[in-house]
Structure formats: structure tokens, C-alpha cells
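Engineer: Got a structure here, written out as C-alpha cells. Questions coming.
Values quoted throughout were computed directly from the atomic coordinates according to the rules given, and no laboratory measurement underlies them. Remember, predicted model here, so these are calculated numbers, not experimental data. Note that each Cβ is placed from the backbone with ideal geometry, even for glycine, and that neighbours are counted across all protein chains shown.
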Amino acid sequence: MLIDIITSEEVLEIALRSIKVSGIATLLALGYSIPVAMVIGFFRFPGRDYLKSFFNAMIGVPTVVLGLILYLMLAPNGILGRLGLLYTEMGISIGQSLLISPIIVSFVSNSIEAVEKEIRELALTLGATDFQASIAMIKEASSGVLLSAIAAFNRAIAELGIALMIGGNIFVRGGQNTRVLTTAMQMYVSRGEIEIAIALGLILMAIVFIISYLSNTVHTYLRGET
Amino acid sequence: MIVRLERIWKYFGSFPALKDINLNIREGEILSIIGSSGAGKTTLLRIISMLDMPDKGVYYLKGKENTYSIEQRRSVTMVFQKPVIFNTSVYKNIEFGLKVRGVENGEARKRVKEALSMVGLEDYAKRRAKTLSGGEQQRVAIARAVAVKPELIVLDEPTANLDPQNIKVIEDIIKKMAEQGITVVFSTHNMFQAKRIAERVVHLHEGKIVEVGNVKKIFENPSSEVTKKFLSGELFY
């Protein structure tokens, strides 16, 4: 019975949408969070400690609170209502990217700080420009970058508040759908269809484990091979 | 003359770590800097290798005042006392300096191979560098410095904390570097090492050069009282 549910077209479509929406959210968040983490990790400036504390605190922001704020902003009469992002996949991705950005900023800035100062000097004495030396340090901190990406993706794909409030759990055949694994699970539990919810939960767990395993494998391969 | 330092001063806060250093480094020579702990050896080497800039004085590189341009920086490479290793394979460690210079892949492979051969680590290319022993890591660090074909290599106590076998290997590598025409400057606590491999010796004491000369003169007939005391073991090192 579980196998039939897991392999059904509808469930597969929802699972693929979850991966796509949270994958885009992770890429978006990496794109703007890594530069912020580099600034915090490389430079000492007034207020830096407060900024770090802010991002650390934001890691624990409740998804429903962020979801509500974003809903009010993206609603037709909200300040960003014109963008038409409410009840769209991209709307969920943007919301999730804001949710996971603090994870990336904190993990990556801490990793950069943990890289020995000597690595920068080594790169410079081997003829690197300042920019190349900074890239070398980021590469040394790549375990932290990868860990942040995995943690961020896992947080995004497992969250419910934003997906529900911004996405609306829409599923219409042939239409623009926003139903993802977590919103579908919530819906099936509320309907009392526990078996389907369990099947979706198993898929969610499998995705989290497979993504983590593949990321680690690729990372080890890239580090060790010539 | 590859390097000429004129009236170099370096301060840490108000403390003068180097005082009025005047030094010429000749092309192709092996120059050793000896001195007790805290004499300013590492500070001087860091200035020569352009990792730090002097607070006062002028640094001439190949007759021209040093502007610390990327071209000038790329002619000098430093090997640190504690081997600093990128967390990747031996090959990628050595390839780094070539990549940042834009050396194409085929040429880079050839030069990595040559450098590994020079330090006796031909079969180590695929090994993860951080899993190697201290002596092997130091050899990787030297191969990495040699691969970029600098005109001057600066080594800060390259054999500190190594066993006698590795010390011998690294001393032989230093001699090979000089045979290839690379100018070598190294610091050491070990006077016998300076005697074994250097052509000229600089004795640094409390941030000042107290004596410079060829090995024979310094060890057999030092003119400075401080150097005499240092060589007789009356000064701690």
C-alpha cells in the first residue's frame, strides 16, 4: 500500500516540487549570504559582533512568524503585492531563502574565521593576488560552506509555515501548483489519511538523507582527487 | 644583488623588532640567518619575502625600489617553520602557485612532477597532504615553493622539530635549489646546519645585524663579541 502511494504520479510530482522549490531557495540564499559571511568572516568593523549575534538569533526564527510577515507583504494590498509572488513556487522559494540565510551566514563566517591566518599568507607568498588568496580561504572553509548548504536545504524542505502561508497548498491538475511535501502531510493528517502522510514523511526523510550523503561524497571526491 | 635592504626598521607597537638593518643578498647564494630566539629572524624573513613591509628604510629588489607589485611578489616565495598545507591532495597543493599564475595544465603537470621528484615524493601526488608526516609536509611545502620557479626562496627554520633523517633530506634539497640557480635564505637555530650548507651567514641579535660574513670567517674568526659568545654557547638560542 505504502509503495503504491509513494510511486503514485501525484506524490512524485509533489516530491519533485519540494526539491525544486527548496533547491532554488538554497541557491538564492547561498548567492547573497556567502558575500555577507565573507564580510563578517574576513573583516573587523564596529558592530560586527552585534551583526553576528543577529544572524545567530535569526537561525531560530519561527517559520510561521516569517511566513506571516511575508504573507502581509506579498498579499495583493501589501507593499510587495505588485510582484504577484503570493501562491507561487517562486514566492515559497524566496520566503525559504530568507529563512535559511542566517544558517548560511553563521556557518560560513564561522568557517572562514576558523581557517588559519597562515593560509592567506601562504596563498600570498605563492603569488596569489588578494582576491585569489580570499578564494583560497573560502576553499579551505568549503566544509563549512557545504555543511551550511545541506543544513539550509534540509531546513527549507522540512519547513511548513512559509510553504503553507505563501504557497497555499494549491494542487489542481494541469494548474499552477504549490503543494509541497510538508503542506501535503499537514493536509492529509488533518483529513485523517495517516498512511499517505506517513508515505510523504518517508519520502521527505529519504530526500534529506540522500542529499546529505551525495553532498559529502562529492565533497570528499573533489578534495582528494587530482 | 637580488635584494638590498637599506636602514630597515620594523616596530611591533613601540618595540623595535628590527633596528637599522642593512643587508645585501647575492644572486644564487645560500645565506643563513642565525640568532637566538627573539632576535628578529622571522621578522626579517617576512620582510624579505614581502609578507610584511618595513616601517622605515628601503627595500631594493634586483636594483629597483620594491613597490610590492604582484610581479615583484611573485619572484620571492617563503616556506614557513610550521608547514602550512592546503586541505587537499599533494598535487593540488603544489599546483596552487602555478594556477594563480595562469600556467596551463600540461606545463603545470610537468612542473608539479619535477618538484615532487626534487623532494623525493614522486608517488605522493594523490595523497591527502594533511595525512603526511611533519617531514613529508615540509617537503611538500618546499616542492610547492620550488614549482613556481622563484628567484629567491626564503625558509624560516625549515628543519625545526624534524628528525635527523628528514633534516638531512631537507638540507640536500636546499643544496639542489641553489644548484638550480635559486637564491636561498634560511634561518636556523642550528649553527652546525648553517656551517654545513650556507655560503654566508648573518648573525642577528636583538633586532640588529651584529656580523655578516662567509661561513669560514664567522665560525673561525668572528669579529663581534656577541657572535663569539653566541658561537661558544654563552647566549641562549
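Engineer: Using just the helices of chain A, give the 222 nm mean residue ellipticity in deg cm²/dmol: DSSP H runs with n ≥ 4 each add -39,500 (n - 2.57), and the total is spread over all residues, rounded to 500.
Structural biologist: The helix contribution divided over chain A gives -24500 deg cm²/dmol.
Engineer: Find out how many positive minus negative residues lie around B:Leu18, taking Lys and Arg as positive, Asp and Glu as negative, among other residues whose Cβ is under 14 Å from that of B:Leu18.
Structural biologist: After counting each charged neighbour, the total is +2.
Engineer: Can you show me the helix-derived [θ] at 222 nm for chain B, built from DSSP H runs with n ≥ 4 at -39,500 (n - 2.57) apiece and divided by the number of residues, rounded to the nearest 500.
Structural biologist: -10500 deg cm²/dmol
Engineer: Given A:Lys117/B:Lys168; B:Lys41/B:Lys208; B:Lys10/B:Lys41, which pairs have Cα atoms separated by over 19 Å?
Structural biologist: Exceeds cut-off: A:Lys117/B:Lys168.
Engineer: Here is a follow-up. Suppose every K and R has +1 on its Cβ and every D and E has -1 on its Cβ; what is the size of the dipole of the stretch B:9-154 about the Cα centre, in Debye to the nearest 20?
Structural biologist: 420 debye
Engineer: If packing is taken as the average number of other Cβ atoms within 10 Å across a peptide's residues, how do A:140-147, A:19-26, A:189-196 rank, most packed first?
Structural biologist: In decreasing order of mean packing, A:140-147, A:19-26, A:189-196 become A:19-26, A:140-147, A:189-196.
Engineer: Pull up all non-local amide H partners of B:Leu155: gap of 5 or more, or a different chain, and H-to-H distance under 5 Å with H placed in the peptide plane.
Structural biologist: B:Val79, B:Val185, B:Phe186, B:Ser187
Engineer: Only helices at least 30 Å long along their axis, Cα-based, and averaging -0.5 or more on Kyte-Doolittle count here, so list those DSSP H runs from chain A.
Structural biologist: A:9-42, A:89-114, A:194-224
Engineer: Averaged over peptide B:80-86, how many Cβ atoms belonging to another chain are found within 10 Å of each residue's Cβ?
Structural biologist: Partner-chain Cβ atoms within 10 Å, mean over residues of B:80-86: 4.
Engineer: Could you tell me the distance between the Cα centroids of the stretch A:115-156 and the stretch A:49-68, to the nearest Å?
Structural biologist: 24 Å
Engineer: Once you average over the residues of A:132-141, how many Cβ atoms of partner chains fall within 10 Å of each Cβ?
Structural biologist: What the average comes to for A:132-141 is 2.
Engineer: Looking at the stretch A:2-224, what % of the alpha carbon pairs are farther apart than 25 Å?
Structural biologist: 47 percent
Engineer: Note down, for the stretch B:139-237, the three equivalent ellipsoid semi-axes (square root of 5 times each alpha carbon gyration tensor eigenvalue), biggest first, whole angstrom.
Structural biologist: Output for the stretch B:139-237: semi-axes of 26, 15, 12 Å.
Engineer: Once Lys and Arg get +1 and Asp and Glu get -1 on their Cβ, which of A:Leu99, A:Val172, A:Pro35 lies farthest toward the positive end of the dipole of the stretch A:35-193?
Structural biologist: The residue sitting most towards the positive pole is A:Val172.
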